[in-house]
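To start, the structure under review is shown below, and the notes come after it.
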Amino acid sequence: MAIASGINRNFQIYRGNSKSFRLVFTLGGQPVDLSGDTIMFTMKRSVEDANADAVIHKTITLPDNADSVAGTCFLPIESTETGAVPPGLYLYDLIWKTNSDPPVITTFMTGRVQMLPSVNNISET
């Protein structure tokens, strides 16, 4: 994905399953060095919900490694996180915060998550 704000993508996930986002940041066709930057994922029932009431909220500081230098990062959503979320429709956003002074904060992706019920409650086994 090139750096842009306002990208809207919807997805589905089964409760208790894992999902990983592979994000690629480019500017003018060139990779953006993400070393030390932060990616935040927040999933809520409503935009009015406080961050403390989010059903999933993750903040990842990106390491100084080859992936980050190449503009690539991974954002895993663990099965233990989705297993705690009741089936339903939720809103999410992904935010990129640079480690510059002052930091640049960009909401680059938003959308809806359909948390689907799982027939096999794997989180119970």
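The values are calculated or read from the model by the stated rules, or taken from the named source; none is laboratory data. Since this is a predicted model, take the numbers as computed values, not measurements. Quick reminder, even Gly has a Cβ in these numbers, built from the backbone with ideal geometry, and neighbours come from all protein chains shown.
Values for this structure:
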| item | result |
| --- | --- |
| The range 114-124, subset hydrophobic (A, V, I, L, M, F, W, C) and touching a helix residue (DSSP H, G or I) at 6+ places or on another chain (Cβ under 8 Å), residue modelled with the highest pLDDT | MET115 |
| Residue in the range 90-104 that is among the aliphatic types (A, V, I, L, M), in contact with a Pro (Cβ under 6 Å, 6 or more places away or on another chain) and under 23 Å from ILE7 (Cα atoms) present | no |
| Candidate set from the range 30-50 (those that are assigned to a strand (DSSP E or B) and modelled with pLDDT under 95); member that is nearest to ALA70 (Cα to Cα) | PRO31 |
| Qualifying residue in the range 114-122 (condition: touching a Phe, Trp or Tyr at 6+ places or on another chain (Cβ under 9 Å), hydroxyl-bearing (Ser, Thr, Tyr) and over 20 Å from GLN12 (Cβ atoms)) | no |
| Yes/no for SER68 being of a type in the set (S, T, N, Q), part of a loop (DSSP other than H, G, I, E, B) and either in contact with a Leu (Cβ under 8 Å, 6 or more places away or on another chain) or surrounded by 14 or more Cβ atoms within 10 Å (Cβ to Cβ) (or both) | no |
| VAL119 vs. criteria exposed (fewer than 15 other Cβ atoms within 10 Å of the Cβ) and either outside any helix (DSSP H, G or I) or among the hydroxyl-bearing types (Ser, Thr, Tyr) (or both) | yes |
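Residue-wise test of (1) modelled with pLDDT of 95 or more; (2) in a loop (DSSP other than H, G, I, E, B); (3) among the hydroxyl-bearing types (Ser, Thr, Tyr).
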{"position": "THR59", "(1), (2), (3)": "yes, no, yes"}
{"position": "ASP64", "(1), (2), (3)": "yes, yes, no"}
{"position": "LEU75", "(1), (2), (3)": "no, no, no"}
{"position": "VAL85", "(1), (2), (3)": "yes, yes, no"}
{"position": "TYR92", "(1), (2), (3)": "yes, no, yes"}
{"position": "SER100", "(1), (2), (3)": "no, yes, yes"}
{"position": "THR107", "(1), (2), (3)": "no, no, yes"}
{"position": "ARG112", "(1), (2), (3)": "yes, no, no"}
